[in-house]
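Here is the structure we will look at.
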Amino acid sequence: MNVSPLNGVTPVGVALDELESALDKVIGLVEARGLTELDHDQFVTFARRIEQHRNRLSRVDHGIVSVADERDLGTRFSVRNTAGFLAVTARITKHQAHQRVQAACVLGRRQAMTGEDLPPLREILAEAQALGDVGAQQAEMINDTLACVERASSLDVTELAALETELVAHARNFGPRELKHCLQRVEAHHDPDGVLPDEDRVREQRFVHLVCRRDGAYALEGRLTRDVGAALAAVLTPLAKPRPTEAAGPDLRSAGQRMHDAVEDITGFLLRSGDLPRRGGLPSTVVVTIDHETLLSRSGLGHTSLGAPLPVREVLSLCQEAEIIPVVLDSAGAVLSAGRTSRLATPQLTQMLYARDGGCSFPGCDAPPEFCERHHVIAWIDGGETRIDNLTLLCRYHHHTFLDGGWRVEMRDGLPHWFAPTWCPDDGVPLLHHRIRHRRGPTRC
Ligand SMILES: [Zn+2]
């Protein structure tokens, strides 16, 4: 498609030339670090005004759609319709093009059959957009809500205009995220039955994908039904709360990392509980195949039964918990021998640990025992045995982070004593979790 050059003598051409040279000037000044001369207030004003101009450009988009429509350019360029024409000329997605066409229908100026000029359908919203106060995304959201209220309620024209004014005022104060909550409340008020799609549709759309990527990490994506989502949120949210302790300071994990670790807690809990359905005659088990020498050298990779790579460090971390089933393979991969150890902490041992530690033994942590892992104070690879005097309970977070934080644990008098890293003020004094200390009774403190 050839686009003929814009005639510089038409008023639109002249205005566009002026816009381009003004924009060049602004870009030049910004790139020459002109913004650094502004004080904070001036800088904020600059950022806001640029955003307003970006918002105002939507008005130009409406005009483009309107003329493309009038001239039926979609058919002329064999791209089906105006949205197709926009997608090709502006190199945007079909979805974006449809959004622009929709926006132009409700926010652009209209013409009556008689040729007379009519104001936009959503006049108040269009005015706010002309001032640059409302972005394209916000405008789309508000229009959707107004359309929903129009369908579901019996508001008259004046009441609808009042609602439009109110929603535009919200858009001046809130970004799309907060605005969405506000609009949902408005929709729920006017259309109590219509806000939620019906249960069957939600159930139809349910899915969870757990995909192993090339680096061995997993991508988790899904859409849960309302009850499953609510149940999962109820389980994960308390586990994902920050775990600051006086000894180690604030919890530095992001919200997403804490949520991930909550999933880790749950899966660890389920694997330990032994209540999972059996798969192929085995209880739910993480099977890791690893070269013997790789294991001893503590660097390299093992592989899970699904082929996902797992660094030795993480294999060893799993081994703190898991049942070990050594399987010796020959160089071609054939099984030479298979055995089974009883290294796994027995249920009785676990009960003893629950009774003694009562939860994570890291100083100040309040994680309950059900969500703790068993930590071998002397690692099994270093000859540490699975006995009560070599085990302590640690929440997943502290289990994974205490070494990097410079902490050390030692069994003294059969209890897990912690040694703070050198940068801590109480350097050198072994710390016993206050919960464990209290369990020993006042006379033994
Ligand atoms: Zn902990």
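Rule-based calculations on the coordinates, nothing more; no lab input. Quantities reported herein were computed from a predicted structural model and do not represent experimental measurements. Cβ coordinates were reconstructed from backbone atoms using ideal geometry, including for glycine residues, and neighbour counts include every protein chain displayed.
So here's what we get for this one:
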read-out	value
Stretch gain in nm, segment residue 289-residue 155, where the contour uses 0.36 nm per residue and the Cα spacing is subtracted	41.5 nm
Förster-model FRET efficiency, 60 Å R0, residue 209 and residue 114, C-beta, rounded to 0.05	0.60
Lysines with Cα under 28 Å of residue 180, excluding same-chain neighbours fewer than 8 positions away	94, 241
Amide hydrogen neighbours beyond the local backbone of residue 373, cut-off 5 Å, H modeled	394, 395, 396
Loop-resident sites, segment 151-250, for GluC sites (Glu not before Pro), counting at most 11 other Cβ within 10 Å (DSSP)	246
Cα-based shape type of segment 196-259, given that a ≥ b ≥ c are square roots of the gyration tensor eigenvalues and the cut on a/c is 1.5	oblate
Placed amide H near residue 391: partners under 5 Å, 5+ positions off or other chain	377
Estimated inter-spin distance, residue 170 and residue 42, nm [label 7 Å along Cα→Cβ]	3.8 nm
Integer Hz, Karplus 6.51/-1.76/1.60 couplings in order for segment 106-123, x for Gly and Pro	9, 10, x, 6, 10, 10, 6, 4, 7, x, 7, 6, 10, x, x, 4, 9, 5
Under Karplus coefficients 6.51, -1.76 and 1.60, residue-wise ³J(HN,Hα) of segment 79-91 in Hz, glycine/proline x	10, 6, 7, 4, 4, x, 4, 5, 4, 6, 6, 8, 6
Whether segment 347-444 is rounded, prolate or oblate, judged on the alpha carbon gyration tensor where a/c under 1.5 counts as rounded	rounded
³J(HN,Hα) computed for each position of segment 39-46 - Karplus, 6.51 cos²θ - 1.76 cosθ + 1.60, integer Hz, glycine/proline x	7, 4, 4, 5, 5, 4, 4, 4
Residues in segment 10-25 reached by a label modelled at residue 50 [backbone nitrogen below 15 Å; 7 Å Cα→Cβ]	23-25
Long-range HN-HN contacts of residue 302 with modeled amide H, under 5 Å	310, 312
